[in-house]
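Colleague: Attaching a single structure in structure tokens format; questions to follow.
The values are calculated or read from the model by the stated rules, or taken from the named source; none is laboratory data. The model shown is predicted, which means the values in this text are computed figures rather than measured ones. Cβ placement follows ideal geometry from the backbone for every residue including glycine, while neighbour counts extend to all protein chains displayed. Each accessible area value is taken on the protein alone, full model and side chains, heavy atoms only, with ligands, DNA and RNA left out. Shrake-Rupley method; radii C 1.70, N 1.55, O 1.52, S 1.80 Å.
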Amino acid sequence: MTAADANTARPAGSTATAVPGTPAGSPGLLARHRAVLPDWLALYYDDPLEITHGEGRHVWDAAGRKYLDFFGGILTTMTAHALPAVAEAVTGQAGRLLHSSTLYLNRPMVELAERIARLSGIPDARVFFTTSGTEANDTALLLATTHRRSNQILAMRNSYHGRSFSTVSVTGNRGWSPTSLSPLQTLYVHGGVRHRGPYADLDDAAFTAACVADLRDLLGHVRSPAALIAEPVQGVGGFTSPPDGLYAAFREVLAEQGVLWIADEVQTGWGRTGDHFWGWQAHAGSGPPDIVTFAKGIGNGMSVGGVIARAEIMNCLDANSISTFGGTQVTMAAALANLDHLLEHDLQGNARRVGGLLLKRLRDACAGLPGVKEVRGRGLMIGVELVRPGTHLAAPEAAAAVLEAAREGGLLLGKGGGHDTSALRIAPPLSLTAAEAEEGAAILEQALRRVAG
Ligand SMILES: Cc1ncc(COP(=O)(O)O)c(C=O)c1O
């Protein structure tokens, strides 16, 4: 997982050690986790949870307790837990061949690349498979900087693009960017966060105009950047997004200098936002991005990430490049089965319908709660922004308390929102039913009333 969303449960400098014969179950496991894994690999909850199995939109912990899952392992269980079609594809492929390397033809990889190229809307698209969103964005940065012969990158404030050396340096969130050393020179642009910052009080049109003016001004001061990288809806940043059309307006300005647009669809792709298959389509005024990156949901838990780009961009590297585990047969088989299920069951439409119900239900529930500033989102990507009652100040302690209270009620949530982590994040599998949405909303309402009422 990206720890990108986690709540530190471990005191710094914990000295717990693994004791042979430690009792089975989560208490013993927590001590072993703390003894052997990095301190920065944070866990949710005061009493961290071990999930042992799942089905549909539910998971069970090691003590046998059942939870409704509104976070899907950070938007990665995209269709459903233990989806039979994916499980069968994995076991079937695993029984034949797990891996052959990119040195040999790989039928499921070619098939998935063909499907994704068609779905991307990018003309003459090429697809390169990686094992994670980080590696996908790292590849996109390599392509853009090589194609444009520039190491300057524009990125959004409050963004998250991964954990590698290149991706932390385009991540505009100090809580997730442990070093500023970088081969890139990154310039941060306004616009990713609608509800905070100097332009928050403007209406949508004025907000967009101010951000475009800021971008144009910035471009007047620097050499020619390679690309702008942006999440259409910021994930770790708390499910916040600019007004529709902002990135199309940015694109017109960027195009004047040939600056590329990289859409990081790691959280927003595959219909998650309901209205669109890709998040960038809310900004489609001037056509698809030059480069799209994806990961998380497409493999439903198998490690599938990738980059889509026009052939002239993808083919600009003049040296070999492989990802040993990118596109292995077993991960491709899982992704193909998962994509089939998603499209055959119109889960994008379900995200729009059920997400719309859930958004309205939560807005009604939160109306008048002084600790809730905003309920925002689209599709099954909903953020609830918590503040100290009567102020605009972030309330990370309230977000952590709501997470705990919801868990007690049998509901798993996420949180995020920049370094202050004061937004709840709701992103269940896209097959969520209306009844499950209501069940989760009722538990969340109770938790919010307890903490933020
Ligand atoms: C928008 C976005 N980009 C990139 C990443 C990195 O993906 P991964 O954790 O698979 O490396 C994440 C992970 O949370 C993400 O949310």
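Colleague: Taking the stated definitions as given, is Gly245 closer than 24 Å to Gly349 by Cβ and in contact with a strand residue (DSSP E or B) (Cβ under 7 Å, 6 or more places away or on another chain)?
Modeller: So Gly245 does not fit the description; no.
Colleague: Consider Ala206 carefully, then state whether it is modelled with pLDDT of 95 or more, touching a strand residue (DSSP E or B) at 6+ places or on another chain (Cβ under 6 Å) and either more than 16 Å from the ligand (Cβ to nearest atom) or not hydroxyl-bearing (Ser, Thr, Tyr) (or both). Walk me through it before giving the result.
Modeller: Numbers: modelled with pLDDT of 95 or more: yes; touching a strand residue (DSSP E or B) at 6+ places or on another chain (Cβ under 6 Å): no; either more than 16 Å from the ligand (Cβ to nearest atom) or not hydroxyl-bearing (Ser, Thr, Tyr) (or both): yes.
In short, no.
Colleague: Among the residues of the stretch 137-160, which ones are open to solvent by less than 50 Å² (accessible area, probe 1.4 Å), in a loop (DSSP other than H, G, I, E, B) and within 22 Å of Leu317 (Cα to Cα)? Quick ask: steps written out before the conclusion?
Modeller: Residues of the stretch 137-160 open to solvent by less than 50 Å² (accessible area, probe 1.4 Å): 137, 139-141, 143-145, 150, 152-156, 158-160.
The next check asks that each one be in a loop (DSSP other than H, G, I, E, B); those that pass are 150, 158-160.
Residue satisfying the conditions is Ser150 alone.
Colleague: Right, another one. Hey, any hits in the stretch 122-131 for a residue that's within 16 Å of the ligand (Cβ to nearest atom) and either more than 17 Å from Val266 (Cβ to Cβ) or polar (S, T, N, Q) (or both)? Show your work before the answer.
Modeller: Filtering the stretch 122-131 down to residues within 16 Å of the ligand (Cβ to nearest atom) leaves 128-131.
When the remaining residues are screened for being either more than 17 Å from Val266 (Cβ to Cβ) or polar (S, T, N, Q) (or both), the result is 130-131.
The answer is yes; a qualifying residue exists.
Colleague: Out of (1) modelled with pLDDT under 95; (2) within 16 Å of the ligand (Cβ to nearest atom); (3) open to solvent by 10 Å² or more (accessible area, probe 1.4 Å), what's the single condition that is false for His195?
Modeller: Only one criterion in (1) modelled with pLDDT under 95; (2) within 16 Å of the ligand (Cβ to nearest atom); (3) open to solvent by 10 Å² or more (accessible area, probe 1.4 Å) is unmet by His195, namely (2).
Colleague: Which of the residues belonging to the stretch 407-423 are more than 23 Å from Thr79 (Cβ to Cβ) and aliphatic (A, V, I, L, M)? Working first, answer last.
Modeller: Of the stretch 407-423, the ones more than 23 Å from Thr79 (Cβ to Cβ) are 407-409, 415, 417-423.
If the condition is that a residue be more than 23 Å from Thr79 (Cβ to Cβ) and aliphatic (A, V, I, L, M), then Ala423 is the only one that fits.
Colleague: If you don't mind, there's one more thing I want to ask. Go over the candidates Thr186, Thr179 one by one and state the one that is free of Cβ contacts under 8 Å to residues at least 40 places away in the same chain and in contact with a helix residue (DSSP H, G or I) (Cβ under 7 Å, 6 or more places away or on another chain). Don't jump to the end; show me each part of the working.
Modeller: Values: Thr186 fails: in contact with a helix residue (DSSP H, G or I) (Cβ under 7 Å, 6 or more places away or on another chain).
The conditions single out Thr179.
To keep it simple, each residue is scored yes or no on (1) more than 19 Å from the chain's Cα centre (by Cα); (2) in contact (Cβ under 8 Å) with a residue 24 or more places away in the chain.
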residue	(1), (2)
Thr131	no, yes
Glu135	no, yes
Thr171	no, no
Ala205	yes, yes
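Colleague: Can I ask one more? Here is a check on your reading of the model: is Ser241 open to solvent by 10 Å² or more (accessible area, probe 1.4 Å), at pLDDT 95 or above and of a type in the set (Ser, Thr, Tyr)?
Modeller: When the stated conditions are applied, Ser241 passes them.
Colleague: Pick from the stretch 280-321 the residues that are open to solvent by 20 Å² or more (accessible area, probe 1.4 Å), away from the ligand (no atom under 13 Å from the Cβ) and under 16 Å from Glu265 (Cα atoms): which of them is modelled with the lowest pLDDT?
Modeller: Of all residues in the stretch 280-321, those open to solvent by 20 Å² or more (accessible area, probe 1.4 Å) come to 281, 284-288, 296, 300-303, 310, 312, 314-321.
Among the residues that remain, those that are also away from the ligand (no atom under 13 Å from the Cβ) are: 281, 284-288, 300, 310, 312, 314-321.
With under 16 Å from Glu265 (Cα atoms) added as a condition, the list becomes 281, 284, 287-288, 300.
Values: Gln281: 97, Ala284: 84, Gly287: 89, Pro288: 96, Asn300: 98.
Looking at residues that are open to solvent by 20 Å² or more (accessible area, probe 1.4 Å), away from the ligand (no atom under 13 Å from the Cβ) and under 16 Å from Glu265 (Cα atoms), I get Ala284.
Colleague: Out of all the residues in the stretch 389-401, is one or more within 30 Å of Val90 (Cα to Cα) and either touching a residue at least 40 places away in the same chain (Cβ under 8 Å) or crowded, with 20+ Cβ neighbours inside 10 Å (or both)?
Modeller: Step one: of the stretch 389-401, the residues within 30 Å of Val90 (Cα to Cα) are none.
Within the stretch 389-401 (the criterion being within 30 Å of Val90 (Cα to Cα) and either touching a residue at least 40 places away in the same chain (Cβ under 8 Å) or crowded, with 20+ Cβ neighbours inside 10 Å (or both)), the answer is no, since none of the residues qualifies.
Colleague: Another question, if that's okay. Regarding Asn158, is this residue more than 13 Å from the ligand (Cβ to nearest atom) and touching a strand residue (DSSP E or B) at 6+ places or on another chain (Cβ under 8 Å)? If you could, list the steps in order and put the result at the bottom.
Modeller: Working: more than 13 Å from the ligand (Cβ to nearest atom): no; touching a strand residue (DSSP E or B) at 6+ places or on another chain (Cβ under 8 Å): yes.
It is false that Asn158 is more than 13 Å from the ligand (Cβ to nearest atom) and touching a strand residue (DSSP E or B) at 6+ places or on another chain (Cβ under 8 Å).
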